[in-house]
Each structure stands twice: as C-alpha cells, then as structure tokens.
Amino acid sequence: MTEDAPAGLAPSTRPANWRDLKPRLFAGVALAVIAFALLALGQRPFALLVLAVALAMSWEWGRMVRNASLDLPFAVQATAVTIAILLSVMGMPALGIAVIAIGTIVVFALGFGTESGLSAQGVLYVGLPAVMLLWLRGDGVLGFWAVLLVVACVAATDTAAFFTGRQIGGPKLWPAVSPNKTWSGLIGGVSASALTAVAVAQGISGASAGRMALIGLVLGLVAQAGDLAESALKRLFSVKDTSSLIPGHGGVMDRMDGIVAAAIAAGLIALGTNANAPARALLLGG
C-alpha cells in the first residue's frame, strides 16, 4: 500500500514527496489515536468506528466501480452492512454474515450496468471484515488484544514494506499491478509483522512467541495480498486513489486494504480453532 506512493520517483521530486509525508503522518497519528481509544473502550464504541469506516468504504466502492455515489446498490450495501454490524454487537455474527450474503445477492440481482458482479463483491469486501473484527472484539479482554494484533501487524507490514522497498529496492514484486512494490519490501514487511506479533504476545498471558510469530507472518502475507488486490482493482478502473477523504492518504479503502484481508484471515483462523472463543483461539490456539 504505502510502498507505491513515493518509490521510483526522479531525484528532483524526492524532497517534495518527503514533505508530503508530513500531512500523511499527522493524519495517520490522529486516526491511530482515535482507533486505539475506541478499541480500548469496548466492542460497542469500536463498532461506531467500524460502521463509519464501512459506510465510507461502501461509498468509495460505488464511486469507483459504478461511477456513482449514492445510488440504489449503495443503499442496499450500506443497509446490509449496518444491520450486520448491529447483529455482531448483539452477539449474533452468524446472522450478520447471512445478512451480508443476502445483500450481496440483492446487489447482484439489481444488475446495474456491466459491473453488477463487482458491485456485489463490494458487499462482501466491506461486510465480512467488519463482522470478523467485531466478533473478535466481543471476546472479552482478549478481544482487545486480538484486534490490536491484526491492526498492528498490518501497520507494521505497510511501514516496513515502504521503507525496506525504498532503501533496498531490487526486483519488482508484480510490476503489472503495482509497479513500485518490490520483493525486498514484501520480505521486510512480513518480517516486521512477525516481530510485531511477538511484541504483542508479551502482553498476553500464556501466549507462545513462536505461534504468534507464525500468525504475524500469515497476517503480513495476507495483508500484502489484499494490498495487491486493491491495486489491481484501481488499475482496472484507472484510478489512483479511491477518494480524497483522508488528507495525504487518499481514500479509506486505500488505508484499509490490508486490514480487510487480515481481518478475514484472522477470523477464519479463529473459526477453525474455536468458534466459541475467537480471540482466545487466535491468540492462544484454543
């Protein structure tokens, strides 16, 4: 995600791009503080953040895929996502997933233009990670640590991939989709994610550093895959950013691509381990 922005620029343009990092840092720190505070306050305050992000992403999806902001598919997607979030907060995430599935089918059935399939995928793209994050957060004190793990691993991956790719360079990862991403950035990002997971483990009684490092590797890899998938989607529609909602960063989707993928992966790991205690399953393995 972040590795793409300034890499590969001519030397004469580099100072301006480093100056551009200032608003990015301010916006990033402000968002991080707000997100951490709401996450720490509990599932319901965190749900407000998730809802706001999900609605913004739904708007951006329609804007990019259908070139429309507030149309009928957006209304269906926003309604389905909102209901799914409410059900998750009420302790019924399975019903939330069912609502997301229904919303996906309805948007597809509307058949707006030639992009009805992609319009429908937007409901899944926004709704599934929202439900997964709230499902994890609802698992007591460990829920806080589980969501923190996901977000911290993605942030570490993005940051390390940017700086490693910029400083080391080397072969491109997938130039047809994301011309500035490198294998060195991928390795640096995933390594940072594993180290971050080990650091998070220090605050969790009974957590295995080795297991957490493995979880961090998986989340880092998945986050990078999510980043590439969004880059491919933006290239398909010839857009640089999904919007300009976040100063210096672009759109909400531009910041959430890695978290979308990592949240779904974390939820699937928890589901396959112990669906009755998802955060414990993710962090402790049972």
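For this structure, a couple of remarks:
- Sorted by Cβ neighbour density within 10 Å, fewest at the top, the residues Ser244, Ser119: Ser244, Ser119
- Cα-Cα separations in the chain greater than 30 Å, expressed as whole percent: 29 percent
- Summary of the geometry: segment 199-277 and segment 118-177, compared by the centres of their Cα atoms, lie 1 Å apart.
- Along each principal axis, Cα extent of segment 165-286, largest first, Å: 46, 31, 26
- Farthest toward positive dipole pole in the chain [+1 Lys/Arg, -1 Asp/Glu at C-beta], among Val53, Val150, Met92: Val150
- Fewest-first ordering of Leu214, Leu31, Leu51, Leu282 by other beta carbons within 10 Å of each residue's beta carbon gives Leu214, Leu31, Leu51, Leu282.
- The alpha carbons of segment 111-177 stretch over 46, 39, 10 Å along the principal axes, in descending order.
- Length added when fully stretched, Asn67-Arg211, from 0.36 nm per residue minus Cα-Cα: 47.4 nm
- Taking all Cα pairs closer than 8 Å and separated by 6 or more residues, the relative contact order of the chain comes to 21 percent.
- Efficiency of FRET between Ala176 and Leu110 - r from beta-carbon atoms, R0 30 angstrom, step 0.05: 0.40
- For the chain, a simple Cβ point-charge model (Lys and Arg +1, Asp and Glu -1, everything else neutral) yields a dipole of about 380 debye relative to the Cα centre.
- Cα-Cα P(r), segment 46-186, percent of pairs per 5 Å interval: 2, 11, 16, 15, 13, 14, 14, 10, 4, 1
- In this structure, the amide hydrogen of Thr182, modeled 1.01 Å from its nitrogen in the peptide plane, lies closer than 5 angstrom to those of Leu173, counting only residues at least 5 positions away or on a different chain.
- Restricting attention to the chain, the count of lysine pairs at 8 or more positions apart or across chains with alpha carbons under 19 Å apart stands at 4.
- Neighbour-count order for Lys240, Lys234, Lys181, Lys172, fewest beta carbons within 10 angstrom listed first: Lys240, Lys172, Lys234, Lys181
- Compared with the rule-of-thumb size 2.2 N^0.38 Å for a compact globular protein, segment 207-269 has a Cα radius of gyration ratio of 1.32.
Read-outs: derived from the displayed coordinates by stated rules, not from any lab. Owing to the predicted nature of the structure, the values given are computational and were not obtained by experimental measurement. Please note: Cβ atoms are built from the backbone with ideal geometry, for glycine as well, and neighbour counts cover all protein chains shown.
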